[in-house]
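Visitor: Can you keep this structure in mind? I'll have questions shortly.
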Amino acid sequence: MTQVVTRFAPSPTGHLHIGGARTAIFCWLLARHFNGRFHLRIEDTDLLRSKQEYTDSILASMRWLGLDWDGEPVYQTNRTELYNSYVDKLLQAGHAYWCSCTPEEVEAMREEARQAGRKPRYNGRCRTRDLGPGEGRCVRLKTPLSGKVVFDDMVKGRIAVDVSELDDMVIRRADGMPTYNMAVVVDDHSMGITHVIRGDDHVSNTPRQILIYEALGLPVPRFGHVPMILGPDRQKLSKRHGARAVIEYKQDGLLPQALEALQQLAAGLGPAVEQGRGQQALGDVLFAAVAAARLCQADPEECLYRASQRFLTQFGQMEEAAPAPLQEMTEAQKQALWEQVKNRQ
Ligand code: GLU
């Protein structure tokens, strides 16, 4: 098996919360289990919503959770030239084209398709116009006219999407910035990522990304989309559900290992990692990932609470060893306690 390389790619538009932390833990576990590499990428291209304070907070939360990453974090905002060099390759190879349609024109095409009972999409008007660069022009990928994009998701199984569902997507905006899908493909390729594990809110991006890999003639990584942690109303977890930033658990004095134990204990991930061998382990880890997500869907807060309780009871001597309630312990005392607990496993 080639070396496993995973990455966690948060957008610094908010603090790291339990859902993001869970995804990061899966990526980290998979890489560490197979003696691979785990990278961190800060997806900060949304200049309006990205904030340095969130990047700092995400890095601090990762460190606090013990999720160490290899090498320096990669920042997307430093890589515009790299992305555009790949866009140029696609243009040169005839797999992409310049498009002068204005947003209003594209909207009109979509509306027309809607009226005709078809899926709203760009109608490919500039595909054969052979335009060059110019003010207000974007670059679009030439999506194949027929066929299916098929991939074996490590969590969801086989997914097939007909290309008629996907129009000629923009890969470089009129302002010269790459689009999200373009940047992610270039990053994952150039960072040598072998396994892309992310929330299943990204599953619809994957066929688009595969089309970009194929047009560039690059190997396609494996994908695993883990279910999102949902609130009791089945909606995406948010402040409304009392979802808390990981950093708040730290402020409450919760041991980082207890939060990590949430994932391991709730899903039996520990045994899967311990006993898993070779190919089997990958399946085990991802199966456990799905189980954890399902459990968390019930009530992540309660799940966290239970797991930390279980964690404390499991290591009976914890109380004995603890000189003071956890909240009153210094970081050094907690660390020393954790060392004791860990050595007893
Ligand atoms: N930046 C994306 C997010 O925070 C993750 C994209 C990915 O993992 O491919 O949802």
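Visitor: Which numbered condition in (1) surrounded by 17 or more Cβ atoms within 10 Å (Cβ to Cβ); (2) more than 16 Å from ARG173 (Cα to Cα) is the only one that GLN92 fails?
Guide: (1)
Visitor: Tally the residues that are near the ligand (Cβ under 9 Å from one of its atoms), charged (D, E, K, R) and touching a strand residue (DSSP E or B) at 6+ places or on another chain (Cβ under 7 Å), restricting the search to the range 175-222.
Guide: 3
Visitor: Hey, does the range 55-67 have a residue that's open to solvent by less than 30 Å² (accessible area, probe 1.4 Å), modelled with pLDDT of 85 or more, closer than 21 Å to VAL246 by Cα and in contact with a His (Cβ under 6 Å, 6 or more places away or on another chain)?
Guide: Yes: the range 55-67 contains one or more residues that are open to solvent by less than 30 Å² (accessible area, probe 1.4 Å), modelled with pLDDT of 85 or more, closer than 21 Å to VAL246 by Cα and in contact with a His (Cβ under 6 Å, 6 or more places away or on another chain).
Visitor: Here's another thing I want to ask about it. Looking at (1) farther than 22 Å from GLY192 by Cα; (2) within 16 Å of the ligand (Cβ to nearest atom); (3) not acidic (Asp, Glu), find the lone condition where ARG41 falls short.
Guide: Only one criterion is unmet by ARG41, namely (1).
Visitor: Next up: For PHE26, indicate whether it is of a type in the set (Phe, Trp, Tyr), at pLDDT below 85 and open to solvent by less than 10 Å² (accessible area, probe 1.4 Å).
Guide: Judged against the criteria, PHE26 is a match.
Visitor: Identify all residues within the range 3-23 that are near the ligand (Cβ under 10 Å from one of its atoms) and assigned to a helix (DSSP H, G or I); write none if there are none.
Guide: GLY19, GLY20, THR23
Visitor: Okay, moving on. Hey, can you tell me all the residues within the range 191-220 that are in a helix (DSSP H, G or I) and over 18 Å from ASP153 (Cβ atoms)?
Guide: Applying the first criterion (in a helix (DSSP H, G or I)) to the range 191-220 yields 200-202, 205-216.
Correct list: ALA215, LEU216.
Visitor: Next question. Can you tell me which condition PRO133 does not meet? The list is (1) in a helix (DSSP H, G or I); (2) in contact with a strand residue (DSSP E or B) (Cβ under 7 Å, 6 or more places away or on another chain), and all the others hold.
Guide: Of (1) in a helix (DSSP H, G or I); (2) in contact with a strand residue (DSSP E or B) (Cβ under 7 Å, 6 or more places away or on another chain), only one is false for PRO133: (1).
Visitor: Follow-up question, since we're still on this one. What's the number of the condition GLY71 fails, among (1) under 22 Å from SER190 (Cα atoms); (2) not in a loop (DSSP other than H, G, I, E, B)?
Guide: Against the list (1) under 22 Å from SER190 (Cα atoms); (2) not in a loop (DSSP other than H, G, I, E, B), GLY71 comes up short only on (2).
Visitor: Restricting attention to the range 106-114, does a residue exist that is part of a loop (DSSP other than H, G, I, E, B) and among the small types (Gly, Ala, Ser)? Outline the logic, then answer.
Guide: Here is the first cut: in the range 106-114, the residues part of a loop (DSSP other than H, G, I, E, B) are none.
Checked the range 106-114: no residue is part of a loop (DSSP other than H, G, I, E, B) and among the small types (Gly, Ala, Ser).
Visitor: I need the full set of residues from the range 142-190 which are part of a strand (DSSP E or B) and surrounded by fewer than 15 Cβ atoms within 10 Å (Cβ to Cβ), in order please. Quick ask: steps written out before the conclusion?
Guide: Initially, the range 142-190 is screened for residues part of a strand (DSSP E or B), giving 148-153, 157-162, 170-172, 178.
Those that are part of a strand (DSSP E or B) and surrounded by fewer than 15 Cβ atoms within 10 Å (Cβ to Cβ): LYS148, VAL150, ASP152, GLY157, ARG158, ALA160, ASP162.
Visitor: Which residue, of LEU30, LEU48, is without any contact (Cβ under 8 Å) to a residue 40 or more places away in the chain and within 16 Å of the ligand (Cβ to nearest atom)? If you could, list the steps in order and put the result at the bottom.
Guide: Numbers: LEU30 fails: without any contact (Cβ under 8 Å) to a residue 40 or more places away in the chain.
Being without any contact (Cβ under 8 Å) to a residue 40 or more places away in the chain and within 16 Å of the ligand (Cβ to nearest atom) holds for just one of LEU30, LEU48, which is LEU48.
Visitor: Any idea how many residues of the range 37-54 are under 18 Å from TRP69 (Cβ atoms) and surrounded by fewer than 20 Cβ atoms within 10 Å (Cβ to Cβ)?
Guide: Within the range 37-54, the first condition is being under 18 Å from TRP69 (Cβ atoms), and the residues that meet it are 37-44, 54.
Cutting the leftovers down to surrounded by fewer than 20 Cβ atoms within 10 Å (Cβ to Cβ) gives us 37, 43.
Number satisfying all stated conditions: 2.
Visitor: Restricting to the range 51-60, name every residue that is away from the ligand (no atom under 11 Å from the Cβ), over 19 Å from MET177 (Cβ atoms) and within 16 Å of the chain's Cα centre (by Cα).
Guide: If the condition is that a residue be away from the ligand (no atom under 11 Å from the Cβ), over 19 Å from MET177 (Cβ atoms) and within 16 Å of the chain's Cα centre (by Cα), then LEU59 is the only one that fits.
Visitor: Kindly provide the set of residues from the range 11-23 that are open to solvent by less than 50 Å² (accessible area, probe 1.4 Å) and not small (Gly, Ala, Ser), ordered by number. First the steps, then the outcome.
Guide: So the first thing to find is which residues in the range 11-23 are open to solvent by less than 50 Å² (accessible area, probe 1.4 Å), and the list is 12-14, 16, 18-23.
The answer is PRO12, THR13, LEU16, ILE18, ARG22, THR23.
The values are calculated or read from the model by the stated rules, or taken from the named source; none is laboratory data. Just so it is clear, the structure is predicted and the values come from calculations on it, not from any experiment. Ideal geometry is used to build each Cβ from the backbone, glycine not excepted, and the neighbour counts take in all protein chains shown. Accessible surface is based on the protein model in full, side chains and every heavy atom, while ligands, DNA and RNA are left aside. Shrake-Rupley method; radii C 1.70, N 1.55, O 1.52, S 1.80 Å.
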